[in-house]
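Report on the following structure.
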Amino acid sequence: MYGFSDADLQIQARARSFTDELIPLEVAAELNNGELAADVVAGHAKRARELGLHAANMPADLGGGGLSSLQQVLVQEQVGRVTNGLAWVVGTPPSWLPPVATPYQLDRFVLPTIRGDAEECYAITEAGAGSDVDAIEATARRDGDEYLLNGEKWHVTSYNTASFAFFQAKLAGGAHDGEHAMFLVDLPSFGVSVVRTPAYSHTTSHHHPIVAFRDVRVPATHLVGAEGDGMRFAYEWFRFERLMVAARCLGAAQRLVTEMTAFAAERRVQGRPIAEFGTVAAMLADSLTELFAARSLSYETARAIDAGADVKVQHTQCSMAKLYASEMAGRVADRAVQVFGGRGYMRENVAERFFRELRVERIWEGTSEVQRAIIADQLVKRGVTALV
Ligand SMILES: Cc1cc2nc3c(=O)[nH]c(=O)nc-3n(C[C@H](O)[C@H](O)[C@H](O)COP(=O)(O)OP(=O)(O)OC[C@H]3O[C@@H](n4cnc5c(N)ncnc54)[C@H](O)[C@@H]3O)c2cc1C
């Protein structure tokens with residue numbers, strides 16, 4: 001099925017067996033604030049590197065996996081089957097960075113992320129700027145050979161494990177006053193501090209704190225690309241990450257369909273397996289059908305990227321894949337809870353955990369509403385045939 005090459009099947013099998021090793025640890029993580037022992041996590045990270053799963057999105061000549069988009073989807077789909085962020089050791093460093101990074105930035109930031117010696121986080125969103133990134137109020141002012149950064153960033157995922165942050169700001173003064181720019185900020189750095197670490201719906205060891213940047217000085221060599229380039233990088237990253245969100249949702253749905261089907265076949269009520277009740281059977285059938293549709297859409301989107309499709313078409317198709325796969329996975333998780341009955345409401349049950357965890361897939365990397373706006377805008381501009 002799907003016309004995979006031998007190389008596709010091999011990387012998929014490696015990601016599958018790695019994920020199978022993580023799944024038995026989910027409940028322990030869930031009941032311990034997402035935490036596993038540090039040596040256990042380090043072991044997972046090492047194994048992910050050995051299997052060629054970490055940095056699979058990065059160029060091979062820099063030591064990354066150099067995988068095709070389709071192969072990256074296959075990897076992320078498999079790791080999407082495990083809850084509690086246990087597979088976040090399979091890192092996807094910023095693949096948009098190498099083409100614009102200086103030799104210093106490559107050496108100092110990019111290569112360590114590929115080796116697994118460094119980890120990045122993104123400080124873009126603010127209290128008043130999420131969907132509308134252009135509304136950010138963070139500032140960057142040039143001061144001699146340095147920039148002075150100020151701002152307060154929200155939801156900074158993995159700040160507690162990261163060794164540097166991408167900080168997006170508007171330039172204050174100079175030829176590009178008011179335009180966006182992106183900076184590399186070492187963590188820790190003087191002037192960077194956690195305002196607070198809110199609790200979120202999912203239970204992972206990676207936190208999403210609100211982080212203050214107060215008069216943080218970075219060398220001018222930490223500017224990514226040129227002044228005014230900041231928004232361009234955000235868009236490139238969104239395109240990649242939206243497809244990877246879709247892929248992980250496929251894996252989650254695959255796991256849920258598998259587990260709820262096994263339960264429905266085994267659980268007997270009034271002497272019959274509940275899978276024989278039409279209303280339960282419909283939940284299974286709808287879930288499988290929607291998974292197949294989302295998977296076909298996501299694989300096709302990846303193949304179009306690998307074939308060099310127009311970048312606007314790629315962008316729109318990634319939005320469609322993210323929109324459909326995240327909403328599909330949400331519906332499947334809701335049905336899975338229902339099929340499991342009372343058991344589906346217990347935190348030790350995979351359906352309960354995914355029911356909470358998958359909710360954010362419709363929010364981060366652009367909400368469903370934002371994806372629909374992108375898709376409709378391109379539809380009006382380009383027409384149906386250009387896009388699907
Ligand atoms: C767990 C988590 C982790 C995150 N990690 C990071 C991170 O690492 N770095 C980072 O920078 N950000 C991160 N984010 C932020 C995330 O990208 C934003 O939450 C998201 O883009 C939505 O922005 P917002 O929360 O400000 O919502 P808003 O933009 O305030 O949106 C509120 C509502 O209005 C709707 N809406 C907004 N604009 C439109 C429109 N044009 N048309 C129709 N409806 C609209 C939205 O769809 C939504 O329903 C994270 C968020 C979460 C929850």
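Which value, in Å³ per residue, describes the convex hull spanned by the Cα atoms of the range 330-388?
Measuring per residue, one finds 93 Å³ for the Cα hull of the range 330-388.
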Length gained, residue 4-residue 306, 0.36 nm per residue minus C-alpha separation, equals 107.4 nm
Phi-derived 3J(HN,Hα) across the range 75-85 with the Karplus relation (6.51, -1.76, 1.60, θ = phi - 60°), rounded Hz, x for Gly and Pro, is 5, 5, 4, 5, 5, x, 6, 9, 8, 6, x
For the range 107-243 (alpha-carbon point model, no solvent) the Debye-based log₁₀ I(q)/I(0) at q = 0.11, 0.17, 0.19, 0.20 Å⁻¹ works out to -0.37, -0.93, -1.17, -1.30
Here the residues of the range 301-340 lying in the modelled label zone of residue 367, meaning backbone nitrogen under 20 Å from a point 7 Å along Cα-to-Cβ, are 319-331
Here the gain from full extension of residue 267 to residue 143, 0.36 nm per residue of separation minus their alpha-carbon distance, amounts to 37.8 nm
Mean shadow area (nm²) of the C-alpha convex hull around the range 266-310 is 4.0
Expressed to two decimals, the range 121-193 has a Cα Rg over Rh, using the Kirkwood radius, of 0.96
Applied in sequence order to the range 374-379, the curve 6.51 cos²θ - 1.76 cosθ + 1.60 (Karplus, θ = phi - 60°) yields integer Hz couplings, x standing for Gly and Pro, of 5, 5, 5, 4, 5, 4
Length gained if residue 235 through residue 360 is fully extended, taking 0.36 nm per residue and subtracting the Cα-Cα distance, is 43.1 nm
To the nearest 20 debye, the chain has a Cα-centred charge dipole, built from +1 on Lys and Arg Cβ and -1 on Asp and Glu Cβ, of 940
Working note, the range 235-324: Cα radius of gyration (Å, one decimal) and Dmax (Å, whole number) are 17.1, 57
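Could you calculate the FRET efficiency of residue 132 with residue 102 from 1/(1 + (r/R0)^6), where r is the beta carbon distance between them and R0 is 51 Å, rounded to 0.05? Could you put the intermediate results ahead of the total?
On the way: r = 30 Å, r/R0 = 0.59.
According to the calculation, E is roughly 0.95.
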Projected onto their principal axes, the Cα atoms of the range 167-264 stretch, largest extent first, over whole-Å spans of 64, 29, 20
Amide H neighbours of residue 122 at under 5 Å, excluding residues fewer than 5 places away on the same chain, with H built from the backbone geometry, are 157, 166
In Å², rounded to a whole number, the accessible area per residue of the range 78-188 with probe 1.4 Å is 39
The Kirkwood hydrodynamic radius of the range 269-388, taken as the inverse of the mean 1/r over all distinct Cα pairs, in Å, comes to 16.1
Over the range 1-106, the quotient of the Cα radius of gyration and 2.2 N^0.38 Å is 1.16
For the range 53-70, in residue order, the Karplus 3J(HN,Hα) values (coefficients 6.51, -1.76, 1.60; θ = phi - 60°; whole Hz; Gly and Pro = x) are 8, 6, 6, 5, 8, 8, x, 5, 6, 9, x, x, x, x, 6, 5, 4, 4
In whole angstrom, the spacing between the Cα centers of the range 124-145 and the range 228-281 equals 35
Projecting the Cα atoms of 211, 269, 54 onto the charge dipole of the chain, where Lys and Arg contribute +1 and Asp and Glu -1 at Cβ, the residue farthest towards the positive end is 269
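Would you mind telling me the share, in percent, of accessible area of the range 37-189 contributed by carbon and sulfur at probe 1.4 angstrom? It would help to have the intermediate numbers written out before the result.
Details: 3010 of 5980 Å².
Of the solvent-accessible surface of the range 37-189, carbon and sulfur hold 50 percent.
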Hydrodynamic radius by Kirkwood for the chain, inverse mean 1/r across distinct Cα pairs, in Å, is 21.9
Per residue convex hull volume, Cα only, the range 121-161, in Å³ is 82
Per residue, the convex hull enclosing the alpha carbons of the range 52-142 has a volume in Å³ of 149
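The values are calculated or read from the model by the stated rules, or taken from the named source; none is laboratory data. For clarity, every value in this text was computed on a predicted model and none was experimentally measured. Ideal geometry is used to build each Cβ from the backbone, glycine not excepted, and the neighbour counts take in all protein chains shown. Ligands, DNA and RNA are excluded from the accessible area calculation, which covers all protein heavy atoms including side chains. Shrake-Rupley method; radii C 1.70, N 1.55, O 1.52, S 1.80 Å.
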